[in-house]
Amino acid sequence: MSLNIPALKDSVSPEEWQLRVDLAACYRLIAAYGWSDLVFTHVSARIPGPEHHFLINPYGLMFDEITASSLVKVDQNCHKLTDSPFPVNPAGFTIHSSVHAAREDAGCVLHTHTRSGVAVSAQKDGVLPISQQSTFVLASLAYHDYEGVAFRDEEKPRLQADLGSKNFLMLRNHGLLTVGPTIADAFLSMYIFESTCQIQIAAQSGGGALTQVNPQIVDGVAHAMKVQTGSLGGAFVWPALIRKLERLDPGYKT
């Protein structure tokens, strides 16, 4: 069934359209990698400019249905700024708006409810230093305790304080969140975060004693990450991800 969503390419600036295309691609990639949770969870992207407007998913669409034109533009108070037949999930926006408000560098905020992510978030010790992937996460990891479904503004200051300047946030008993200056950076961070959690659950399921990485190695991870991807960060892998998506389903660009 067609959703009959009007095309917006000629109605927005070229900069906003490119951001829409990249964000729609991010949603499709999340679906392709199996990180989606039906119509729940979100990725938000800040539109450049002084207005602090954001793009977020239309509540009710599966991630593999989302297109550049279907994304909803909202302000900091979750008011829709473009016509859309779909609502915006207020609980999701509470989390995202609090991060965007506290972090000027947060061009993109990505949140998931994957089984591995939630499983590790429920473990008292959280992320363990037992894999190369975990060392990247531990270099910039924060935790936020569960306070119920996140729709109360009173939770925002505590979430902001817990996140601080970190780029990985484990929401206890809830899921994973990454912050990046770009969509590509937030996606790459989530790929590493999710891999960390999958590896940890798999390692623990073996039942044997686990070998932990030397803390000094964790301390040197920032330099190692720069060597691995150069100074580009997420931009290093994003073109390859887009090529993958083009092979799978190029419909995200409409």
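The values are calculated or read from the model by the stated rules, or taken from the named source; none is laboratory data. Computed from a predicted structure; not experimentally measured. Every residue, glycine among them, receives a Cβ derived from its backbone with ideal geometry; neighbour counts consider all protein chains shown.
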Any idea which of (1) assigned to a helix (DSSP H, G or I); (2) modelled with pLDDT of 95 or more; (3) touching a helix residue (DSSP H, G or I) at 6+ places or on another chain (Cβ under 8 Å) is the one Leu176 doesn't satisfy? (1)
How many residues does region 1-30 hold that are buried (at least 17 other Cβ atoms within 10 Å of the Cβ) and not in a loop (DSSP other than H, G, I, E, B)? 14
Given Ala184, Ala142, which one is surrounded by fewer than 21 Cβ atoms within 10 Å (Cβ to Cβ), on the phi < 0 side of the Ramachandran plot and either modelled with pLDDT of 95 or more or of a type in the set (Phe, Trp, Tyr) (or both)? Ala142
Pick from region 37-53, criterion in contact (Cβ under 8 Å) with a residue 60 or more places away in the chain and in a loop (DSSP other than H, G, I, E, B), ranking: nearest to Ile183 (Cα to Cα): His42
For the subset of region 108-141 comprising residues that are part of a loop (DSSP other than H, G, I, E, B) and of a type in the set (Gly, Ala, Ser), which member is nearest to the chain's Cα centre (by Cα)? Ser140
Is it the case that Ala209 is surrounded by 22 or more Cβ atoms within 10 Å (Cβ to Cβ) and farther than 17 Å from Gly117 by Cα? no
